[in-house]
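Below: one structure, written as structure tokens.
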Amino acid sequence: MKNQKGFSLAELIVVVFIFSMFMVLVGMTFQGSNEQIDVSQGKITVEESIRASLYRMALEVRESTVSRVNIANGGATLNFQIPQAISSTGAITWSNLITYQVNPVTRQLVRTVDGTPGTTVLANEIDGVTFTAIGTPATSYSFTVAARKTATNGRNLTVSGTQQAKPRNQEAGEGLEDPGGCSNPPYYPPHHCALAW
């Protein structure tokens, strides 16, 4: 019989131990990477939600006029109206009152319209919103939205965003220079005075 040489039991235990330690280190690296990916994805999701809600609020406020925008509840609520139609005489038909605010129970930024059932949820995980008038008298408005999301690893992610918007429409008596008969009652003619696109 030939002399067969192999590994001793001690050598096998050492090799298995080293291989196990290597696998533990690789596993920990992957787990840390997965947690970081989860945190990054959570933050991106909240940022996108805030960005979309700020864009929508700014878009609608730009359609309004300064006299139809009202900040209430210490800056936590924004109420305004936007034009729905313009008659042949230039009279503007305004929408029902639109309201933006945070529902403190659900932590959602919501949009409601008086006389319309239901609400539109613009963003989740919202801690607060602050509406501020800029200028005296107000000529534009600033919106700041703060959000907080808890990642799967228990880490709190906080994100905030700010947007400004200036209402582009004006009603009679709101300070437009008279560009060719715009100050004639009841409102400006629609072709160049009522709406600024």
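The values are calculated or read from the model by the stated rules, or taken from the named source; none is laboratory data. Note that the structure is predicted; figures quoted are calculated from it, not measured. Don't worry about glycine lacking a Cβ; one is built from the backbone with ideal geometry, like all the others, and counts go over all protein chains shown.
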Look at region 112-145 and say how many of its residues are among the β-branched types (Val, Ile, Thr), surrounded by fewer than 17 Cβ atoms within 10 Å (Cβ to Cβ) and touching a residue at least 60 places away in the same chain (Cβ under 8 Å).
2
Taking interchain pairs and intrachain pairs at least six residues apart, which have beta carbon atoms under 8 angstrom, with the first residue in region 18-37 and in a helix (DSSP H, G or I) and the second not hydrophobic (A, V, I, L, M, F, W, C)?
Glu35/Thr152; Glu35/Asn153
For the condition under 16 Å from Gln163 (Cα atoms) and assigned to a loop (DSSP other than H, G, I, E, B), what is the one hit in Ala138, Ala52?
Ala138
Run down Thr45, Thr106, Thr112, Thr99 and say which single residue is assigned to a loop (DSSP other than H, G, I, E, B) and either modelled with pLDDT of 90 or more or out of contact with any helix residue (DSSP H, G or I) (no Cβ under 6 Å at 6 or more places or on another chain) (or both).
Thr106
Within region 17-35, is even one residue surrounded by 12 or more Cβ atoms within 10 Å (Cβ to Cβ), modelled with pLDDT under 85 and out of contact with any Ser or Thr (no Cβ under 8 Å at 6 or more places or on another chain)?
yes
Being surrounded by fewer than 10 Cβ atoms within 10 Å (Cβ to Cβ) and not small (Gly, Ala, Ser) is the filter here, so list the residues in region 1-16 that pass it.
Met1, Lys2, Asn3, Gln4, Lys5, Leu9
In this structure, is Ser88 of a type in the set (S, T, N, Q), within 15 Å of Ser142 (Cα to Cα) and not in a strand (DSSP E or B)?
no
For Ser67, are the conditions met, namely being of a type in the set (Ser, Thr, Tyr) and either closer than 27 Å to Ala138 by Cα or surrounded by 10 or more Cβ atoms within 10 Å (Cβ to Cβ) (or both)?
yes
Kindly check whether there is at least one residue in region 164-182 that is surrounded by 15 or more Cβ atoms within 10 Å (Cβ to Cβ), of a type in the set (A, V, I, L, M, F, W, C) and modelled with pLDDT of 75 or more.
yes
